[in-house]
Amino acid sequence: MLVLLRLLSRLVIQLATILSVTKCSTTRRVYFSYTSHLSLLQPCRKHQKYIAQIMLASYLSMPGVLLAQGVTAANTPHAPSFDRAANGVPIVNINKASSKGVSRNEYNGFNVESKGLIFNNATDIVNTQLAGYVDGNSNLNGLSANIILNEVKGNSRSALNGYMEIAGQSAELIIANQNGITCNGCGFINTTRGTLTTGQATFDGAGGLTGFDVSRGDVDISGLGLNAGNVDEVDILARSVSLNGKFWANNATIVTGQNHIDYQDKTITDLKADGPKALGSGISLDVAAIGGMYANRIRLIGTEKGLGVNVAGEIKAVEDMVLDSQGNLLNSGTLSAKTLTASSENISNTGAVLGHEIHITANQLNNTTAQANIQAIDGVTISTQELNNDASAKILSKSGSIKIDAGAVSNQSVIAADRINIKASSLENKTVNGQIFSTGGLDLTLTGHLNNVDGGLVHSDKVLTIDSLGDLVNASGTIEAVGSATIKSQNLTNSGTVLAQDSVLSIMTSGLENQGTVSGNSLVVNAATLDNSTENGKILSSGKLDLTIDGDVTNTDGALVHADTDSTLDAKGDVTNSGTIEAVGSTMIKSQNLTNSGTILAQDRILSIETNKIENQGTLSSNGLVIKAGELDNTTNTAQIVSSDKVDLTIQGEITNTDGALVHADTDLTLDAKGNLTNSGTVEAVGSSSLTTKNLTNSGTILAQDSSLSIETSKIDNQG
């Protein structure tokens, strides 16, 4: 066809030459250059009109020049032929399809003007949107193509500035140019699938299209953008892609990097060794602030390591979005989808990531600035080696859960959801802006430490569970649950508040060091050691209090241990108290030794103490007092052992009650000592007093006010 058209053009030119030299009184030589597109015809004016018409016909018959500003055919067996519609819209008469339904068309240059371009896939006259009625394409031999492949073999990129329409049977349309493609107002009409690629097409033995090898080239969506919302599928396959305009689609796939992409199932095979080693920008997909992508479903794949994605505009999917990059993802714009899955080397978010469900995987996730917002309706899952959420940024799930599986987590802003589950090597929750807030359950599982400091808040409206293999430091922070709270850690250091408002607070730790408030509706502590110090140190229960300590207990400098009902302190080491240990109900203390210069109180019920030795310079007080000890040393005038009911002292060794010390029972007093009793204070009962001792030395007062005094001893030395 191409050869015939060129022969026809030469015949027309010869005819024009004859006209110019045979019918004028003055003739001039004619010079014509087909390749230069320049001709010099200087006939007489009489024939200039005819010559112009003949030359126009000749010009329009030349395939290489027909659409000089649009498409030019390659000098290959796959060159298509061209035509123009009555309204001037260019028409490409595509080549006959292979047995696999693929029409291959090769061009030296391929551009689409704003008026558009038609690919003629019609076997008979057909009506089109761009050009009205067009004739059938005789190249097809009566059989329309299923895939129309257009490959550029020249050295120039393609500028697609208008719509591309398939006349006749709908087909899949592919524009392939390794030099690059710019789309500024382009789109598709009557296309089931559109592809813009900088890859080289690959085929099977039967002429079927198998895929594309991409090693270079970029696709730029700019200006008026790409409208493919009327197409089922749109693929952009290039080394890199820029969105400087809007891109509308139904189901959109963008694959960047050096790859082989299978045309049928879109599987990707890495080919990076075959092409240039790196791009200068370090960005494979760039969405400018004025750019955007809008589709029902979006798939963005960047396979080249170190080449990332930059989103300053919008990428929004009605249904699913998958963003998978081997480089970094920088988002200062908006990513939005019903289900959004993002995977990248590192992710830096200073914009919005929105969806019903959000799934993020990265080596590092930085969610920073006040505009940074990762927010889902149903749930957020994050898997990362390092998570930084700060500077008023937010990670939110409105009615679902947040699940974080991370290495180190640093939070100085808000993480909030109905349910929160964080698994990490460490967690730093800092400042009054650092808030981990759950309206449902909150689970923190750490292989390292947890620091909640400088006003940080860890809160659950229901159940809170913290399991840390490292230390937990709550410094001027708040860890609280409206329901129950369970805390396990290597050591727990608290100068803030640890609270279970309406239920049990359970703490299991090697060492509990408290200078703040530890409080629950009931409180259970299992620790190796307990150090409750300063007047700010408060261990409180509005119900029962149960302290089980494998080592020593120190409650000093005005510190308080309090239960609104009953209190139990079971220590295998020593108990040292210069503060207050008290219960409205009963108090039971077991220890190796007990040293008291403060107050130990059971307000309404029995105080029971079982220890090897008691050194008391403070107050032991109750509504009934039972002491079992190896020794009892009650000294100084501040030392008081008093009961508003009975006092029962069973001592395996000696008792010393000296320097104005007091032992008092409002009813009966029983003292049974296997050793000596030395008294220079007061031992008294309003009711009866019964003393059994090895020897009795008294220079104070021993009294049974309203009943009998009974003393059983080997020897009495009385000076009182």
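Values computed for the structure shown
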| read-out | value |
| --- | --- |
| Taking Tyr133, Tyr163, Tyr263 and counting other C-beta atoms within 10 Å, the order from fewest to most | Tyr133, Tyr163, Tyr263 |
| Paramagnetic label zone (point 7 Å from Cα along Cα-to-C-beta, Thr638; backbone N under 11 Å) in segment 574-593 | 578-579 |
| For the chain, size of Cβ-based charge dipole, Lys and Arg +1, Asp and Glu -1, in debye | 6660 |
| FRET efficiency, 1/(1 + (r/R0)^6) with R0 30 Å, evaluated for Thr548 and Thr361 via beta carbons | 0.10 |
| Normalised per residue, the volume of the convex hull around the Cα set of segment 63-274 (Å³) | 105 |
| Per DSSP, loop trypsin sites (Lys or Arg not before Pro) in segment 177-285 with at most 13 further Cβ within 10 Å | Lys277 |
| Relative contact order computed over the chain (Cα-Cα under 8 Å; 6+ residues apart), in percent | 3 |
| Restraint check, Lys115/Lys153; Lys305/Lys488; Lys266/Lys316, Cα-Cα greater than 29 Å | Lys305/Lys488 |
| Folded to 0 to 90 degrees: helix 45-60 orientation relative to the chain principal axis, Cα | 40 |
| Among Leu160, Leu335, Ala559 - extreme Cα towards positive end, dipole of the chain, charges at beta-carbon | Leu160 |
| Percent RCO, i.e. relative contact order, over segment 290-425, from Cα pairs under 8 Å lying at least 6 residues apart | 15 |
| Asn296 versus Asp454: modelled label distance in nm, points set 7 Å from Cα along the beta carbon direction | 5.0 |
| Extension gain (nm, one decimal) between Thr76 and Asp604, 0.36 nm per residue minus Cα-Cα | 179.5 nm |
| For segment 582-651: Kirkwood Rh in Å [reciprocal of mean 1/r, alpha carbons] | 11.5 |
| Sorted by Cβ density within 10 Å, fewest first, the residues Val214, Val112, Val642 | Val642, Val112, Val214 |
| Cα shape, segment 379-510, gyration tensor, a/c 1.5 rule | rounded |
| Pair-distance profile P(r), taking every C-alpha pair of the chain, with 20 angstrom steps and integer % | 15, 27, 19, 15, 11, 7, 3, 1, 0 |
| Helix-only [θ]222 nm of the chain, DSSP H runs n ≥ 4, -39500 (n - 2.57) each, per residue, nearest 500 | -1500 deg cm²/dmol |
| Those GluC sites (Glu not before Pro) in segment 146-209 that DSSP places in a loop and that have at most 10 other beta carbons within 10 Å | none |
| Förster radius 60 Å - calculated FRET efficiency between Thr565 and Asp270, Cβ distance, rounded to 0.05 | 0.30 |
| Potential extension, Thr445-Gln200 segment - 0.36 nm per residue separation minus Cα distance | 83.2 nm |
| Average Cα contact separation per residue, segment 63-274, under 8 Å, 6 or more apart, as relative contact order % | 14 |
| Spacing of the two label points (7 Å from each Cα toward its C-beta) at Thr650 and Ser138, in nm | 12.2 |
| Shape category assigned to segment 186-344 from the gyration tensor of Cα positions, a/c cut at 1.5 | oblate |
| Fewest-first ranking of Asp286, Asp552, using other Cβ atoms within 10 Å as the exposure measure | Asp552, Asp286 |
| In sequence order, calculated HN-Hα J values of segment 646-653 (Karplus, 6.51, -1.76, 1.60; Hz; x Gly/Pro) | 7, 10, 10, 10, 10, 10, 6, x |
| 0 to 90° range, to nearest 10: angle between helix 2-22 axis and the chain longest Cα axis | 40 |
| Rg to Rh, two decimals, where segment 125-237 supplies the alpha carbon set and Rh follows Kirkwood | 0.97 |
| Length released on extending from Asp706 to Arg84, taking residue separation times 0.36 nm less the Cα-Cα span | 211.1 nm |
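No lab work stands behind these numbers, since they all come straight from the coordinates. Keep in mind it's a predicted model, so treat the numbers as computed, not measured. Don't worry about glycine lacking a Cβ; one is built from the backbone with ideal geometry, like all the others, and counts go over all protein chains shown.
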